[in-house]
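**Student:** Here it is, the structure in full.
Computed from the coordinates by the stated procedures, all read-outs in this text should not be read as laboratory data. All values derive from a computational prediction rather than experimental measurement. Methodologically, a virtual Cβ is constructed for each residue, glycine included, from the backbone with ideal geometry; neighbour enumeration extends over all protein chains shown.
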């Protein structure tokens, strides 16, 4: 099993991104190029998964801000980045792809417990 995989169902999967901050990525299994190409039901499911992850991040980490991004220039397929940001992370307030402002050492709760909570919440929701 892929070590970065947190959750999957028939239509979507969620992976963790190696980073100093909590950072998950939501992918559609079908490699749609643009969000508008995704069938409406699946688009709704994609955003429901985002909502669940955002809620779990807020409850577990109490971040300064949740960031969501979808560039898909380097990997030209639909996927959403969900990131818990902190005033003292290495890049804040810049985007994680921006200029690093400091060397941060964040003291955060155990990430494995967070991944477990996300997987449980997504399994309870998951229609497929």
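**Student:** Filter the range 49-63 for residues that are out of contact with any strand residue (DSSP E or B) (no Cβ under 7 Å at 6 or more places or on another chain) and surrounded by fewer than 17 Cβ atoms within 10 Å (Cβ to Cβ); which is farthest from residue 11 (Cα to Cα)?
**Tutor:** Here the residue is 62.
**Student:** Here is a follow-up. When you go through (1) surrounded by 15 or more Cβ atoms within 10 Å (Cβ to Cβ); (2) in contact (Cβ under 8 Å) with a residue 12 or more places away in the chain; (3) in contact with a strand residue (DSSP E or B) (Cβ under 9 Å, 6 or more places away or on another chain) one by one for residue 91, which number turns out not to apply?
**Tutor:** Evaluating residue 91 over (1) surrounded by 15 or more Cβ atoms within 10 Å (Cβ to Cβ); (2) in contact (Cβ under 8 Å) with a residue 12 or more places away in the chain; (3) in contact with a strand residue (DSSP E or B) (Cβ under 9 Å, 6 or more places away or on another chain) leaves (2) as the failure.
**Student:** Restricting attention to the range 99-128, and to residues there that are more than 17 Å from residue 52 (Cα to Cα) and touching a helix residue (DSSP H, G or I) at 6+ places or on another chain (Cβ under 7 Å), which single residue is surrounded by the fewest Cβ atoms within 10 Å (Cβ to Cβ)?
**Tutor:** Going through the qualifying residues, I end up with 109.
**Student:** Run down 68, 96 and say which single residue is exposed (fewer than 15 other Cβ atoms within 10 Å of the Cβ) and touching a strand residue (DSSP E or B) at 6+ places or on another chain (Cβ under 7 Å).
**Tutor:** Among 68, 96, only 68 is exposed (fewer than 15 other Cβ atoms within 10 Å of the Cβ) and touching a strand residue (DSSP E or B) at 6+ places or on another chain (Cβ under 7 Å).
**Student:** Residues 15, 8: which one is in contact with a strand residue (DSSP E or B) (Cβ under 6 Å, 6 or more places away or on another chain), under 18 Å from residue 123 (Cβ atoms) and surrounded by fewer than 19 Cβ atoms within 10 Å (Cβ to Cβ)?
**Tutor:** 15
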